[in-house]
Structures are given as structure tokens and as C-alpha cells.
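> Can you read through this structure? Questions will come right after.
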Amino acid sequence: MGKRGEKMKKKKFLLISVLLVGLSSFPLPQALAKEAAFWQDNLEEGWEYEDGATSQLKMSFKSVLDPTNPDQKVVPKDPDAVEVSSGYLTIDYVSNYRFGKHPVHKRADYYYPSYDIVSLGALTQQDLTSQGSHSLQLKMVPHFIQLTDDRRNSDNTPQKKGWKLCVLQEQVFESPTASLSDTSISLKNGHQATTSQDTQTIPTLENDISITFNQMEPVWKAEQGQGYGTWLAYFGKQATAEMQDIIKDKTSVPTDKLAYLNWLDESIPDNDSGVSMTIPKSEGLTDEGYETTFSWIIDASPNFEEPGL
């Protein structure tokens with residue numbers, strides 16, 4: 001369950017991984033500007049973009065679902081949760097990885113993020129932003145990805161053309177005065193869930209994903225005929241009933257980012273069966289907060305290879 005509630009007498013450092021979603025049907029943020037040409041070169045026939053970024057497709061809203069019970073709608077509680085996107089082939093949600101505070105030492109070590117926190121219910125991310133907090137039941141869930149393929153033909157039948165999801169760490173972990181250039185984040189013990197009734201067309205989820213700086217890593221792939229509908233992939237074991245009891249009487253979490261991170265670190269167990277980070281012995285740690293950004297990139301063709309990668 002991770003080390004919670006222990007008093008740290010040594011210096012501490014804070015590890016934060018903020019995930020940035022990149023997808024083919026919304027205005028690309030500045031950090032993904034270099035992907036704009038890639039998406040332009042690989043657009044489906046009939047898709048129209050302006051300035052290589054803005055989709056002219058008709059938009060449809062996607063709800064975030066519980067990865068362990070996809071019939072249940074949820075609202076992510078992380079203050080940096082990426083807003084739900086719109087379109088016909090979308091990344092609807094990706095968890096952030098919050099590794100917490102740890103003593104600074106010189107040996108190589110592994111670190112694990114706290115479980116992701118969601119509230120059960122049908123409120124949208126827009127509702128959450130406008131209200132600041134609400135009184136829906138909280139739940140710990142493993143870190144997860146949600147993807148929806150709703151592409152259809154002119155006669156409204158599913159296209160089922162397949163897709164491919166990759167992840168790229170474009171920046172090293174950085175603090176105000178230092179950086180970590182040789183880290184590795186591992187995603188393992190993956191599971192899939194879906195709202196689709198066609199469970200015979202299950203995509204392929206990579207077994208052991210190792211994310212390192214500037215290396216595009218394949219994560220999830222649906223061949224032609226697979227992956228239509230909404231699919232969820234989560235990493236690690238589901239939180240036990242004993243773990244859920246920690247927050248069973250809570251209906252809200254801190255909305256301030258730092259307060260939320262401290263609450264996670266003090267109260268929420270680690271997802272040590274699904275996500276881990278390795279910092280080698282050679283890295284010189286300082287007692288500061290470190291942060292990096294991941295780009296999650298979905299491609300409309302499962303067999304397309306981006307040039308130069």
C-alpha cells in the first residue's frame with residue numbers, strides 16, 4: 001500500500017508527472033505543435049483542418065467512465081486532469097501520475113504513484129470546474145486511459161478501421177534548478193474494459209511499457225475490425241475494500257493543487273502493482289519538486305509509422 005503517515009526526517013523531493021493528451025480531433029496545444037504536421041499527413045479522407053490543427057468535424061461529448069466498472073460515469077478529481085475531448089476518434093482521459101514525497105538518497109530506487117481519485121456520478125468536467133467541488137462518492141482507481149472510436153460510414157455503420165496509441169516523454173523531469181535525464185517509468189499489469197457489446201474485437205494492450213525520454217513507445221493497438229466504441233485500459237490491481245474505506249466517508253477533496261498533492265501523499269495508497277518509476281544511482285537529487293510532460297498520441301491507422309521515430 002506504500003508508505004503513508006511516516007515522518008520523514010531527511011530532505012524530501014516531490015515527483016510529479018503531468019500528462020498532456022494529444023489527439024487528432026482538437027486544437028493542438030503549443031507543446032504538441034511539432035505533431036501538427038504529422039496529423040496533417042495522416043488525416044482520414046474527408047477530414048478538414050485549418051492551420052494544421054483545428055478540426056472541422058461535428059463534435060460529440062464523451063463521458064469519463066470507471067475503468068473497473070465502465071457502466072459507471074465518474075469525474076476525475078486531480079486538479080490538473082485534462083478536460084474531456086470531443087470528436088470521432090478521441091483520447092477521453094489519461095491519469096496523471098503523482099509520486100509523492102520521499103527522502104533524498106544516493107542509491108537507485110523505485111517509486112510508485114498514489115491511486116487516481118474519481119467521484120462516482122454523471123457530472124461533467126465543466127460542472128466540476130464551475131462548482132469547484134461537489135458531494136459525490138469518492139473512489140480510488142488504478143491509473144487508466146480511456147479512448148473512444150465512433151467513426152462511421154455515410155450509411156451510419158461503424159468503420160472499424162482500427163487505431164494505434166503511443167506515448168512520448170518529450171522533456172526530462174525538471175525542478176527549478178536541476179533535471180533527471182535517465183529516469184524510466186514502467187506501466188504493467190494492464191487490463192481492458194469496454195462499453196462495447198462486441199467483445200470479440202478486443203485491441204492489443206502492451207504487456208510491459210517502459211517510458212524513457214524522447215522515445216516513442218507503443219501502448220495500445222486495434223487492428224482493422226477492432227476497437228470500435230469506448231475502451232479503457234488500466235494498470236495495476238484494483239484498490240481493495242480496505243483501501244476504499246480510507247475515503248468512504250469523504251465526499252470532496254482539496255481543490256488547491258498543492259493541498260491535493262499533500263492529501264494524496266498522506267492518505268492514499270500507492271499503485272505499486274501497475275506504475276513505477278526508476279531513478280538510477282547516478283542521478284543527483286535535490287530537495288525540490290520534479291515534473292515532466294507525456295504526450296499521448298492516437299493515430300487513425302494502426303499500421304502507420306511516424307517518420308523519424
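Each value in this text was obtained by applying a stated rule to the coordinates, not by laboratory testing. The structure presented is a predicted model; accordingly, all values stated were derived computationally and were not measured. Virtual Cβ from ideal backbone geometry, glycine too; neighbours counted across all protein chains shown.
> May I ask which residue of ASN156, PHE144, PRO203 lies farthest towards the positive end of the charge dipole of the range 142-228, with charges of +1 (Lys, Arg) and -1 (Asp, Glu) on Cβ and the Cα centre as origin?
ASN156
> Right, here's the next one. Using 7 Å Cα-to-Cβ label points, what is the VAL104/GLU288 separation (nm, one decimal)?
About 1.0 nm, to one decimal.
> Set the bar at 30 Å for Cα to Cα. Now go through LYS77/LYS161; LYS106/LYS221; LYS73/LYS237; LYS77/LYS101; LYS221/LYS281 and name every pair that lies beyond it.
Long pairs (Cα-Cα over 30 Å): LYS77/LYS161; LYS106/LYS221; LYS221/LYS281.
> Continuing with this model, one more query. Along the charge dipole of the range 141-300, which of LEU232, GLN215, PRO254 sits closest to the positive end, that is, farthest toward it, with unit charges on the beta carbon of Lys, Arg, Asp and Glu (+1, +1, -1, -1)?
So the residue furthest toward the plus end is LEU232.
> Please state the shape class of the range 170-251: rounded when a/c is under 1.5, otherwise prolate if a/b exceeds b/c and oblate if not, all from the C-alpha gyration tensor.
oblate
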